[in-house]
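Undergrad: First the structure, then my questions, so here it is.
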Amino acid sequence: MAYLDAGSGSPPVVLLHAFPLHAGMWEPLIDALSSRWRVIAPTLAPERADPPTVDAMADQVAELLRDLDVSEIVLGGLSMGGYVAFAFLHRYRALVRGLVLADTRPGADTPEVRERRANQQAQVAAEGPEPLFEAMLKSLPSEHTREHRPEVLARIRRLMDDVPAEHVIAALEAMKHRLDSTGDLPGIEVPALVIVGEDDAVSPPEVGEQMRDLLPDAHLAVIPQAGHLSSLEDPEAFNAEVVAFLERIS
Ligand code: MLT
């Protein structure tokens, strides 16, 4: 499995990326953390699992950690990365000392969302991922980011351009079939930071509030004027929240 590994300091922070991106989305946060903590960011590979599931992606992460001889982590995930983090927690809870959940939701897909993902899979199979990437570039970042931060849009676009069609199709399949993890939240007793962009239309702040309320030890941070990709839209604010959280629990 491809991964970024930088810095030193324990426990390592493991960062799981959003869809349709890869581990490179975490470079700004890795830069902010790696002078004090080890950061490991895998590029998830649902296309290598049969069938592709969030559980299979969690298993890939666990296997990587075994290979790296890492037995204790702070786990972070943004959006799809959060879905994989919930699966990881379900299977490997003992490894996790702290949790960062960004722009994500514990619930399963609704039938409407599943149908939309099936249509997207058919479109990617027929035309390649370009039209989906363009549509997501318009819908994921906030209006503020779209109007005032062209360099952020360019960075997101470059990340998308590295993602192959088979990953896109497999990740959609995995997300479509993921289970509802809401019932797990009250049992996740490690300190947690929930982060959400104020204008996130996919996993809005109300979902972040619900997670904060269900987790036994959680703090909620809302990133002003950011949308669904808050770590890329306002890295300064996002990174500051993560650093403050890690300082508190380290
Ligand atoms: C993501 O950012 O990972 C995706 O938007 C998640 C989703 O489609 O549910």
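Undergrad: With θ set to phi - 60°, apply the Karplus curve 6.51 cos²θ - 1.76 cosθ + 1.60 along the stretch 61-66 and write out the HN-Hα couplings as whole Hz, x wherever there is a Gly or Pro.
TA: Calculated HN-Hα couplings, in order: 5, 4, 5, 4, 5, 4 Hz.
Undergrad: Please say if the stretch 176-250 is rounded, prolate or oblate, where rounded means a/c under 1.5 for a ≥ b ≥ c the square roots of the C-alpha gyration tensor eigenvalues, and otherwise the choice is prolate for a/b larger than b/c and oblate otherwise? It would help to have the intermediate numbers written out before the result.
TA: Working: a/c = 2.07, a/b = 1.15, b/c = 1.81.
Cα axes put the stretch 176-250 in the oblate bin.
Undergrad: In whole Å, what are the Cα extents of the stretch 130-174 along the three principal axes, biggest one first?
TA: 33, 17, 16
Undergrad: Using modelled amide H (1.01 Å from N, peptide plane; none on Pro or chain starts), what sits under 5 Å from the amide H of Leu4, excluding residues fewer than 5 places away?
TA: For Leu4, the qualifying residues are Ala41, Thr43.
Undergrad: How would you classify the stretch 93-250 from its alpha-carbon gyration tensor, with a ≥ b ≥ c the square roots of the eigenvalues: rounded for a/c under 1.5, else prolate if a/b is greater than b/c, otherwise oblate? Walk me through the intermediate numbers first.
TA: Values: a/c = 2.03, a/b = 1.32, b/c = 1.54.
Because a/c hits 1.5 or more and a/b fails to exceed b/c, the stretch 93-250 counts as oblate.
Undergrad: Taking 35 Å as R0, compute the FRET efficiency from the Cβ-Cβ separation of Arg97 and Ala126 and round it to 0.05.
TA: On the way: r = 45 Å, r/R0 = 1.28.
E between Arg97 and Ala126, to the nearest 0.05, is 0.20.
Undergrad: May I ask you to give the average projected area over all directions of the convex hull of the Cα atoms of the stretch 70-154, in nm² rounded to one decimal? Please report the intermediate quantities before stating the final value.
TA: On the way: hull surface 31.6 nm².
Its average projected convex-hull area is 7.9 nm².
Undergrad: Let me ask something additional. Between Ser250 and Glu166, 0.36 nm times their residue separation minus their Cα-Cα distance comes to what? Walk me through the numbers before you get to the answer.
TA: On the way: separation 84, 0.36 × 84 = 30.24 nm, distance 3.85 nm.
Working it through step by step, the gained length comes to 26.4 nm.
Undergrad: About its Cα centre, how strong a charge dipole does the chain have in debye, to the nearest 20, once Lys and Arg get +1 and Asp and Glu get -1 at the Cβ? Mind dumping the intermediate values first?
TA: Numbers: 21 positive and 40 negative charges, 64 e Å.
Once rounded to the nearest 20, the dipole reads 300 debye.
Undergrad: Return the whole-Å distance between the Cα centroid of the stretch 18-88 and the Cα centroid of the stretch 180-238.
TA: Going from one Cα centre to the other spans 17 Å.
Undergrad: Determine ³J(HN,Hα), in whole Hz, for all residues of the stretch 242-250 in sequence, where each value follows from phi through the Karplus function 6.51 cos²θ - 1.76 cosθ + 1.60 and θ = phi - 60°; x replaces Gly and Pro.
TA: Each residue's phi maps through the Karplus curve to give 5, 4, 4, 5, 5, 4, 5, 9, 6 Hz.
Undergrad: Follow-up question, since we're still on this one. Let me know the shape class of the stretch 1-141, please: from the alpha-carbon gyration tensor, a ≥ b ≥ c as square roots of the eigenvalues, rounded when a/c is under 1.5, otherwise prolate if a/b is greater than b/c, or oblate. Walk me through the numbers before you get to the answer.
TA: On the way: a/c = 1.98, a/b = 1.63, b/c = 1.21.
It comes out prolate by the Cα gyration axes.
Undergrad: Antiparallel versus total DSSP beta bridges in the chain: what percent is that, nearest 5?
TA: On the way: 4 of 26 bridges.
Rounded to the nearest five, the antiparallel share is 15 percent.
Undergrad: When the chain is fully extended, how far beyond the present Cα-Cα distance does His90 get from Asp69, taking 0.36 nm per residue of separation? Each step should come with its number before you reach the end.
TA: Working: separation 21, 0.36 × 21 = 7.56 nm, distance 2.05 nm.
Taking His90 through Asp69 to full extension adds about 5.5 nm, to one decimal.
Undergrad: Just to check I understand the Karplus step: with θ = phi - 60° and J = 6.51 cos²θ - 1.76 cosθ + 1.60, what whole-Hz values come out for the stretch 223-235, glycine and proline as x?
TA: Listing the rounded values in order: 8, x, 6, 9, x, 6, 9, 4, 5, 8, 6, 9, x Hz.
Undergrad: Let me ask something else. Once R0 is set to 25 Å, what does the formula 1/(1 + (r/R0)^6) return for the Cβ-Cβ distance between Val243 and Asp5, expressed as a FRET efficiency to the nearest 0.05? Walk me through the numbers before you get to the answer.
TA: Working: r = 19 Å, r/R0 = 0.77.
Efficiency computed from Cβ-Cβ geometry: 0.85.
Undergrad: OK, next. What spacing in nm lies between the two simple spin-label points modelled at Arg157 and Arg116, each 7 Å away from Cα in the Cβ direction?
TA: 2.3
Read the figures in this text as sums done on the coordinates, not as results from a lab. Please read these numbers as outputs of a predicted model, since none were measured by experiment. In this analysis, Cβ positions are derived from the backbone assuming ideal geometry, glycine residues included, and neighbour counts consider all displayed protein chains.
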